[in-house]
Every structure is written in structure tokens, then in C-alpha cells.
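**Q** Take a look at the following structure, please.
The values are calculated or read from the model by the stated rules, or taken from the named source; none is laboratory data. What you see is a predicted model; the values in this text were computed from it and never measured. Cβ sites come from the backbone with ideal geometry, for glycine too, and all protein chains shown count toward neighbours. Heads up: the accessible areas ignore ligands, DNA and RNA and are worked out on the full protein's heavy atoms, side chains in. Shrake-Rupley method; radii C 1.70, N 1.55, O 1.52, S 1.80 Å.
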Amino acid sequence: MKPPTKLVLPVIYLCASAASVALIWTADTVDLMGATILSLYVLMPVATVGTSLVSGLRNIYGRFAWIGILASGVLYMLIPYVTFSLANTLATGNLHAPDLMMLLVGSGVSLISYLVGLAIRHVRSAKTS
């Protein structure tokens, strides 16, 4: 039995996000910098590019693809917020706002990857016809 195609990509991205948060929270003080680099600059961009590219290639969500692009940006923004900002809030008691620049970065990477996927799909369909 095949899993529903529309659910596979969000589940992959949510698992990558959860793995990033868990990786940062479980790292000790020596490994925290490596865990941060691995999760924020390797794992999440690869997951964002991969899921957005496949979404564009297959055009799974049609005109609702913008929801996935925005969700990618929100999750990319929330990872530093639920790790470093939360740790700072717990230590000092000062509540910090999420960094909206991370929202733009995550959404931008997702949008570019989605558009590349659409372009590849368009070129493939033009070659076959």
C-alpha cells in the first residue's frame, strides 16, 4: 500500500525539524556548536531544498504550494527559537521574539527550490511533447 503522496513531504520535513531540535537539545556544551552547524546549516537546508524540489517537480499541491513554502520558513525560524531563545528565556526570564530573518531565509530557500523544480518539470514536459 502506497502512503498518501501529499503527506510524505510534510512528514519528512517535520521529522528533520524534530531531529534538529533534538540534536541541539541533547548536545553537551562541547558538541553544541557542531550540533548547531549540522542542524541549522546542513540538515535543515538539505531537507528544505529536497522537499521543495520534489514538490515542484511533481506539482503535488498545485496552487496551494505556497502553504508549504511558508511552512518551511516558519519551521526554519522556530528551530533557533525553541532551542537557543527558549534556553535563554529559561535562564534569564526575559522573553525573546522569534527572528523573522530566519523566516525569510527558510521561505526563500524553499521558494527557489520549488521554482527550480517547476522549471525542470516544464523543461521535461516540453521535451516530451
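**Q** From Ile24, Ile60, grab the single residue that is more than 15 Å from the chain's Cα centre (by Cα), within 24 Å of Leu118 (Cβ to Cβ) and β-branched (Val, Ile, Thr). Reasoning before the result, please.
**A** On the way: Ile24 fails: within 24 Å of Leu118 (Cβ to Cβ).
Of the residues listed, the single one that is more than 15 Å from the chain's Cα centre (by Cα), within 24 Å of Leu118 (Cβ to Cβ) and β-branched (Val, Ile, Thr) is Ile60.
**Q** Ok, one more. Taking the criterion of being open to solvent by less than 30 Å² (accessible area, probe 1.4 Å), touching a Pro at 6+ places or on another chain (Cβ under 9 Å) and not aliphatic (A, V, I, L, M), would at least one residue in region 36-51 satisfy it?
**A** Scanning region 36-51 turns up at least one residue that is open to solvent by less than 30 Å² (accessible area, probe 1.4 Å), touching a Pro at 6+ places or on another chain (Cβ under 9 Å) and not aliphatic (A, V, I, L, M).
**Q** Quick test of your reading of the structure: Leu111 fulfils all but one of (1) part of a helix (DSSP H, G or I); (2) without any contact (Cβ under 8 Å) to a residue 24 or more places away in the chain; (3) more than 20 Å from Ile37 (Cβ to Cβ). Name the failing condition by number.
**A** With respect to (1) part of a helix (DSSP H, G or I); (2) without any contact (Cβ under 8 Å) to a residue 24 or more places away in the chain; (3) more than 20 Å from Ile37 (Cβ to Cβ), Leu111 is out only on (2).
**Q** Would it be correct to say that His122 is outside any helix (DSSP H, G or I) and open to solvent by 40 Å² or more (accessible area, probe 1.4 Å)? Walk me through how you get there before you give the answer.
**A** Details: outside any helix (DSSP H, G or I): no; open to solvent by 40 Å² or more (accessible area, probe 1.4 Å): yes.
No, not satisfied.
**Q** While we're looking at this one, here's another question. For region 60-72, what are the residues that are over 18 Å from Gly106 (Cβ atoms) and surrounded by 15 or more Cβ atoms within 10 Å (Cβ to Cβ)?
**A** Within region 60-72, just Ile60 meets the criteria.
**Q** What helices (runs of 4 or more DSSP H) lie completely within region 11-96 and have 2 or more residues being more than 23 Å from Arg121 (Cα to Cα)?
**A** On the way: elements: 32-38, 44-58, 65-80, 86-92.
Those helices (runs of 4 or more DSSP H) span 32-38, 65-80, 86-92.
**Q** Among the numbered criteria (1) among the small types (Gly, Ala, Ser); (2) within 15 Å of the chain's Cα centre (by Cα); (3) modelled with pLDDT under 95, which single criterion is violated by Gly34?
**A** Looking at each condition in turn, Gly34 falls short on (2).
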